[in-house]
Amino acid sequence: MVVLGKDRTESAGNRSQKMAITEGISSGSCLLFSSTEPVGLVEELIQKALSLNASDIHLDPSPDRWEVRFRLDGILCLQGNFPSSLGPNVVARLKVLAELLTYRTDIPQEGRLELRDFPRANPAGSATRHEEALRVIEGRLSTFPTLHGEKVAIRFFGRDASDLRLDQLGFEPETLERLQSLLSGRQGAVLLTGPGGSGKTTTLYAALESIKVAHRGGIHIFTIEDPIERPIAGITQSQARPGTEFDFARGLRSLLRQDPEVVMVGEIRDAQTAAIAMEAALTGHLLLSTVHAGSACGVLSRLLDMGVEPYALTSGIRGVLNQRLVRKTCIACSGKGCDACNKSGLAGRLLLAEWIEVKGALRKAILARADLDGLLDAAKLDAIGGESGESELWAAGLRALVRGETTLAELTRVLGPKPMQLITDSITKIVNMSQHNQSEQGTGA
């Protein structure tokens with residue numbers, strides 16, 4: 001484990017070298033990197049990324065420099081660069097921290113980072129630091145050989161999951177109520193989907209914490225993940241290693257012999273894992289997992305393509321949640337642009353979700369092995385008929401737009417284009433419904 005932020009004594013020789021090298025270190029949109037030796041530059045990069053709540057750091061090599069980018073609120077932002085002469089040593093330093101092979105620059109490598117982050121000096125100006133005040137920062141380091149050197153990506157993991165609550169993630173009331181209702185059951189599968197960085201893992205951890213708290217710890221919860229991103233007290237967590245004898249399928253089959261009541265599988269990636277997961281959901285276990293697909297119905301279509309029998313889907317799946325994260329209108333400047341939002345008018349992120357349950361027309365479509373279009377049509381029929389709820393992502397996004405919480409440009413960036421006439425019609429319906437509800441409440445009062 002490396003300790004960040006320790007004071008250093010700088011010699012005259014080092015100061016001279018710093019003056020020479022600093023000329024090659026330039027700022028991007030926000031930051032200027034002052035460190036001129038690998039250890040200091042690595043610590044400065046990590047400290048500044050954490051201070052901005054960046055989820056990722058990217059170091060991209062080019063012929064004459066390395067560019068530094070932070071992912072802020074889901075957007076990759078250029079922060080500055082440093083000379084190409086420093087690049088190999090910076091990568092080597094990161095490899096040492098992640099216990100990777102420093103001499104292998106010709107292959108991709110991946111490892112785990114564990115860092116201690118010292119707080120800044122206290123308001124009184126004291127530089128005293130106390131060991132008990134340290135935070136442990138964990139993340140994943142990935143290196144990849146490219147034409148001009150090894151590209152580096154660092155993903156920071158979240159903190160302890162004990163402070164996560166479903167009702168604090170931003171779900172709309174109806175979606176939250178359905179999700180909480182299904183999580184109170186003792187069997188069946190609750191599946192999540194969405195692109196990378198859409199908050200699926202955070203939702204899963206919040207769901208596990210919710211289940212644990214509801215049962216006051218008196219329930220056996222077991223996870224198999226790749227990687228373990230957050231430690232959860234009172235829950236048994238295990239790290240799968242795909243490509244070895246301990247992959248998701250073998251791990252899931254074995255952990256079912258450990259008498260779990262709730263099982264979380266990080267991802268259903270293959271037919272074997274899918275079959276075992278559905279078997280677990282049908283045999284008295286509450287199973288939570290993710291499946292990569294473009295929509296909630298896409299999850300069902302993909303599982304059918306993996307060879308899962310239709311009856312297993314209709315009997316085993318309790319619901320599918322599809323979610324996205326969009327940037328929120330900056331509260332500090334009401335979207336006009338300020339230092340707090342880096343002049344973008346957007347700061348923080350808002351959760352959008354669509355939810356389907358396997359009922360009615362959708363159930364019949366699954367049993368008939370309908371294709372994705374058929375599943376989507378069936379889900380729409382259920383939504384219109386009121387039998388099942390599919391809150392489409394665009395509908396949720398437009399409701400947020402009407403409330404002033406995001407922008408149309410941001411919705412289009414995340415959800416893709418939508419005809420303007422349909423957007424206008426939808427907004428009109430949302431506004432009319434809101435006014436109608438307010439009128440009814442006033443009458444009732």
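A few remarks follow.
- No other residue among Gly345, Gly335 is in contact (Cβ under 8 Å) with a residue 12 or more places away in the chain, touching a helix residue (DSSP H, G or I) at 6+ places or on another chain (Cβ under 9 Å) and open to solvent by less than 70 Å² (accessible area, probe 1.4 Å) apart from Gly335.
- Residue within segment 167-182 that is touching a residue at least 24 places away in the same chain (Cβ under 8 Å), at negative phi and small (Gly, Ala, Ser) present: no
- Within segment 61-73, residues that are farther than 19 Å from Cys330 by Cα reach partners that are open to solvent by 60 Å² or more (accessible area, probe 1.4 Å) and assigned to a strand (DSSP E or B) with beta carbons closer than 6 Å, at six or more positions or on different chains, in the pairs Arg69/Leu76; Arg69/Leu78.
- Annotation: of all residues in segment 62-82 being over 18 Å from the mean Cα position of the chain (by Cα) and among the acidic types (Asp, Glu), the one that is nearest to Arg155 (Cα to Cα) is Glu67.
- Remark: pairs (first residue in segment 307-331, more than 21 Å from Arg403 (Cβ to Cβ); second residue open to solvent by less than 10 Å² (accessible area, probe 1.4 Å) and among the aromatic types (Phe, Trp, Tyr); Cβ separation under 6 Å; 6+ apart in sequence or on different chains) = Leu321/Trp355.
- Breaking point among (1) in a strand (DSSP E or B); (2) under 30 Å from Ala277 (Cα atoms), for Ala370: (1)
- Output for segment 179-197, where each listed residue is closer than 16 Å to Ala214 by Cβ and either polar (S, T, N, Q) or open to solvent by 60 Å² or more (accessible area, probe 1.4 Å) (or both): Gln180, Ser181, Ser184, Arg186, Gln187
- Selection of strands (runs of 3 or more DSSP E) fully inside segment 48-123 by the criterion of at least 1 residues being over 15 Å from Thr146 (Cβ atoms) and open to solvent by 50 Å² or more (accessible area, probe 1.4 Å) returns 65-72, 75-83, 109-117.
- Identity of the residue in segment 221-262, open to solvent by less than 40 Å² (accessible area, probe 1.4 Å) and hydroxyl-bearing (Ser, Thr, Tyr), that ends up nearest to the chain's Cα centre (by Cα): Thr223
- Checking each residue in segment 191-228 for being among the polar types (S, T, N, Q) and farther than 17 Å from Arg140 by Cα picks out Thr193, Ser198, Thr203, Ser210, Thr223.
- Filter result for Gly319 (closer than 16 Å to Ala207 by Cβ and either buried (at least 20 other Cβ atoms within 10 Å of the Cβ) or of a type in the set (Val, Ile, Thr) (or both)): yes
- Residues satisfying the stated conditions in segment 130-147, i.e. open to solvent by 90 Å² or more (accessible area, probe 1.4 Å) and at pLDDT below 95: His130, Glu131, Glu132, Arg135
- Boolean, Glu354 is among the acidic types (Asp, Glu), open to solvent by less than 40 Å² (accessible area, probe 1.4 Å), modelled with pLDDT under 95 and farther than 17 Å from Pro310 by Cβ: yes
Residues are listed down the side, and each one gets a yes or a no for (1) in a helix (DSSP H, G or I); (2) loosely packed, with under 11 Cβ neighbours inside 10 Å; (3) of a type in the set (A, V, I, L, M, F, W, C); (4) at pLDDT 75 or above:
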position: Glu390; (1), (2), (3), (4): no, no, no, no
position: Leu398; (1), (2), (3), (4): yes, no, yes, yes
position: Glu405; (1), (2), (3), (4): no, no, no, yes
position: Leu411; (1), (2), (3), (4): yes, no, yes, yes
position: Lys418; (1), (2), (3), (4): no, no, no, yes
position: Ile427; (1), (2), (3), (4): yes, no, yes, yes
position: Thr443; (1), (2), (3), (4): yes, yes, no, no
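The values are calculated or read from the model by the stated rules, or taken from the named source; none is laboratory data. Nothing here was measured: the structure is a model prediction, and the numbers come from that model. So basically every Cβ, Gly included, is an ideal-geometry build from the backbone, and we count neighbours across all protein chains shown. Remember, those area values only see protein heavy atoms, side chains included, never the ligands or the DNA or RNA. Shrake-Rupley method; radii C 1.70, N 1.55, O 1.52, S 1.80 Å.
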